[in-house]
Amino acid sequence: MAAAIEVLSGTGRRRGLGRLLPFLGPAIVASVAYVDPGNFATNLQGGSQLGYTLLWVVVTSNLMAMVIQTLSAKLGIATGHNLAEQCRLSLPRRLCFLLWGVMEIVAMATDLAEFLGAALGFHLLFGLPLGIAGLLTAVVTFMLLSLERYGFRRLELVIALLVAAIAGSYLAELFLARPDWKQAAFHAVVPAFGGRAGLLLASGILGATVMPHVIFLHSALTQGRILAPGLEEKKRLLHYQTLDVVLAMGVAGAINGAMLIMAACTFHARGLVNVDAIEKAALTLQPLLGSAAGTLFAIALLAAGLSSSAVGTMAGQVVMQGFLNFRIPLWVRRLVTMAPALLVIWLGAEPTRTLVLSQVVLSLALPFALVPLVAFSSNKRLMGPLVNRPATTAVAAGIATLIVALNVYLLWETFFGS
């Protein structure tokens, strides 16, 4: 981190991208949660049923994610504590236990989606039974997490390569599919829902995009990562971490947009509006675009599942340590959180339906991360000179209110809708 310290102190000689490179990493790790298998399920449904109509929801969700993750990064820089630790220091003990319990459920729901996604990826690529694919997912995830003992940079690099694999797969698929870019550009900026079903799908896309566990994780990835003792150094560090967020979340948003565009131009344009299962999507792509498309889809799903599963375990560790000031070995946490996912796979549950239900659980938990984040980052006593400006607080509070409202609607329709 010597290069980063030199840049912060103003003594570094690096210019351009070289100045930014030492600071890249935290947002790249966090961005993995924004392209996890849950996003595959919701973007696939949105694109196949309504074409390009909901592309603006992907764009808007991504902009919201940039604001939220920047606030999380800033909290870690300004206070030296991550969001879970700040909850323990500032909130009543019983409330902390409640928040911890909710986030542990989130960890299991997250692992359920990510494990299923990776297992489906192995299944689609190699024809393995889902049970065997689930065990293979466990082994590979353990291998990924073991990289942390050699320093955070190696794990960040591997995760960045997995994100690049997802992006590369979808770039190749877009080349094969040749979408209607005029329609895509129009619907990226013009809001429309296409009826009641579109509003429900939009809520699902938003619920799958903003993830509560990485709101906690990002603040931990920036706290004390790079030495910034003075106010000017902290401001400069926040500037570079904001650029990290914009770049990483920009890539994640482009991947999500590509997912929806692919579903729109491949399925909806051909009248295939009921492609609501991931396995069905992969198989349907092959006769439409050739066998390479199905393979690329499976590679992207596998990379998303493996990377997001590792990140989910890291987030769970941060949450437990922050709320309870207690740490367990990473491999123990990995075993505990993956157990429900393996059980679901071995019981033969329908994968895509299970993925969607896991997103409902995550939607329920979002307020438990968003509300404390906005409250703490707006508290001058905690944040000092890096406290949110009134306009920033207003935007963040508006985002939190909108996300909570849409998720309440999603939950109501899921359980009580016709």
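Readers should treat all values here as calculations from the given coordinates under stated rules, not as data from a laboratory. Predicted model only: the values in this text are computed from it and were never measured. Here the Cβ is made from the backbone with ideal geometry for all residues, glycine too, and neighbour counts use every protein chain on show.
Once you've got the GNM for the chain with C-alpha springs shorter than 10 Å, pick whichever of Pro191, Pro129, Pro92 has the biggest mean-square fluctuation. So, out of Pro191, Pro129, Pro92, the one fluctuating most is Pro92.
Exposed loop sites were defined as trypsin sites (Lys or Arg not before Pro) in DSSP loop states (anything but H, G, I, E or B) carrying at most 15 other C-beta atoms within 10 Å; in the chain the longest segment without such a site runs 16-326.
With θ taken as phi - 60° and the Karplus curve 6.51 cos²θ - 1.76 cosθ + 1.60 applied, the whole-hertz 3J(HN,Hα) list for region 97-114 is 5, 4, 4, 4, x, 4, 5, 5, 5, 4, 4, 6, 5, 4, 4, 4, 5, 6 Hz, x standing for glycine and proline. Taking label positions 7 Å along the Cα-Cβ direction at both Asp180 and Ala164, the computed distance is 3.6 nm, reported to one decimal.
Shape summary of the chain, radius of gyration then Dmax from alpha carbon positions: 20.5, 63 Å. A crude spin-label estimate for the pair Trp331 and Asn274, with each label 7 Å from Cα along the Cβ direction, gives 4.8 nm.
Pairs of alpha carbons in region 259-407 separated by more than 27 Å make up 48% of all such pairs.
Measuring nothing but how far apart in sequence close Cα pairs (under 8 Å, 6+ apart) lie, relative to its length, the chain scores a relative contact order of 38 percent. For the chain, the number of Lys pairs with C-alpha atoms closer than 30 Å, counting only pairs eight or more positions apart or on separate chains, is 6.
In order along region 284-293, the Karplus-derived 3J(HN,Hα) couplings, from 6.51 cos²θ - 1.76 cosθ + 1.60 at θ = phi - 60°, round to 5, 5, 5, x, 7, 10, x, 4, 4, 5 Hz, and Gly and Pro are given as x. Structure remark: mean-square fluctuation, Gaussian network model of the chain, C-alpha springs under 10 Å; the largest value among Val163, Val190, Val404 belongs to Val190. Inter-label distance, Leu324 to Leu21: 4.1 nm, where each label sits 7 Å from its Cα along the C-beta direction.
In the chain, the DSSP-assigned H stretches of four residues or longer account for a calculated mean residue ellipticity at 222 nm of -27000 deg cm²/dmol, using -39500 (n - 2.57) per stretch and the full residue count as denominator.
Subtracting the Cα-Cα distance of Ala292 and Leu347 from 0.36 nm times their residue separation leaves 16.7 nm of extension gain. For Leu157 and Asn379, the difference between the fully extended length at 0.36 nm per residue and the C-alpha to C-alpha distance is 76.5 nm.
The phi torsions of region 182-188, fed into the Karplus equation with coefficients 6.51, -1.76 and 1.60 and a -60° offset, translate into couplings of 5, 5, 4, 5, 4, 6, 6 Hz, rounded to whole numbers, with Gly and Pro shown as x.
Counting 0.36 nm for each residue step from Leu283 to Leu128 and taking away their Cα separation leaves a gain of 54.3 nm. A Förster distance of 25 Å, applied to the separation of the beta-carbon atoms of Leu98 and Phe416, puts the FRET efficiency at 0.50. Compactness of region 361-404 is given as radius of gyration and Dmax, 11.2, 36 Å, from Cα positions.
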